[in-house]
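Before any comments, here is the structure.
Bear in mind these aren't lab numbers, they're just calculated from the coordinates by the rules spelled out. Keep in mind that this is a model prediction, so the values were computed, not measured. Neighbour counts run over all protein chains shown; Cβ positions are idealised from the backbone, glycine included.
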């Protein structure tokens, strides 16, 4: 990043679920924010019981607690962008709608999490209907994967042409901009449509089993770049590149799907200081 070291990091808020394995949800979001020189704060929609093998249980946070948490963070007056992930149910979605209405000019990214990569349901039918009806039109950009785009549009979405059709359909339903992510295709193709221009971004499919948290990480990277003042297209391009490298360097945290390595850049820095005697390293 080219941000000056002494510049204050913009604050980015994530509203999402808690993954105790650290691969997805608010933990992945905050790591992504930090990797982009943004300071992450979070409001948790649900506690999950999960590891790299899958989700065993989901315990939603009461909507009034979620609302109080979010309002407390906004009271600091520092939030520069918002990422919305797993909501779980309509109650949480209603809270988010009210927050978006209270902060209409805030850059916001909606990752419409419907189910986990191991097919655990993470959004109930009422929540999906509310998200489709009330949240799509209120955020800056929505970033569904193939299954999420299909759930939101009720269209089959399994190739680049159907991804384009889904992006158009979501804009027709009120979305300002859409990125349909195709990381599960043979080629990692993403489709960006802002209601006027449609663009395809292609990339290699890297280590398909090292993908725990890709959707969370991508949407958080877009939010971080928007918080840093970048335009949407540049934010999407940079987020896609970041996710590709984080997958390439995925962390073997367990026997299941490996979570992304959000701090791969730090791991690539030569560790020359370990060869310096402690006495010489002191100021």
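Observations on the model:
- Computed from Cα atoms, the angle from the helix 63-74 axis to the main principal axis of the chain rounds to 50 degrees.
- Largest GNM mean-square fluctuation among 266, 44, 30, using the chain with Cα springs under 10 Å: 266.
- Considering only alpha-carbon pairs that sit under 8 angstrom and 6 or more positions apart, the relative contact order computed for segment 159-259 is 20 percent.
- Cα centroid separation - segment 175-194 against segment 93-122, whole Å: 18
- Degrees separating the helix 214-227 axis from the principal Cα axis of the chain, which is the longest one: 80
- Taking other Cβ atoms within 10 Å as a rough exposure proxy, 38, 216 sort from fewest to most as 38, 216.
- Per-residue Cβ neighbour rank within 10 angstrom, fewest leading, 141, 171, 179: 171, 141, 179
- Separation between Cα centres of segment 215-240 and segment 5-55, rounded to whole Å: 15
- Residue order, fewest to most beta carbons within 10 Å, for 240, 187, 169: 187, 169, 240
- Rounded to the nearest angstrom and listed largest first, the equivalent-ellipsoid semi-axes of the chain from its Cα gyration tensor are 29, 22, 20.
- GNM remark for the chain: springs join alpha carbons under 10 Å apart, and the peak mean-square fluctuation among 193, 18, 74 falls on 74.
- Distance between the modelled labels on residue 102 and residue 187, one decimal in nanometres: 4.6 nm (7 Å Cα→Cβ projection).
- Pair-distance distribution P(r) for segment 7-151, from all Cα-Cα distances in 5 Å bins starting at 0: 2, 10, 21, 24, 22, 14, 6, 1, 0 percent.
- The Kirkwood hydrodynamic radius of segment 59-127, based on inverse pair distances between different Cα atoms, is 12.9 Å.
- Choice from 146, 155, 82 with maximal GNM fluctuation in the chain (Cα, 10 Å cutoff): 155
- Degrees between helix 25-35 axis and first principal axis of the chain (Cα, 0 to 90, nearest 10): 50
- Normalising the average separation of contacting C-alpha pairs (under 8 angstrom, six or more residues apart) by the number of residues puts the relative contact order of segment 1-160 at 20 percent.
- Estimated [θ] at 222 nm from DSSP helical runs (n ≥ 4, -39500 (n - 2.57)) normalised by residues in the chain, nearest 500: -10500 deg cm²/dmol
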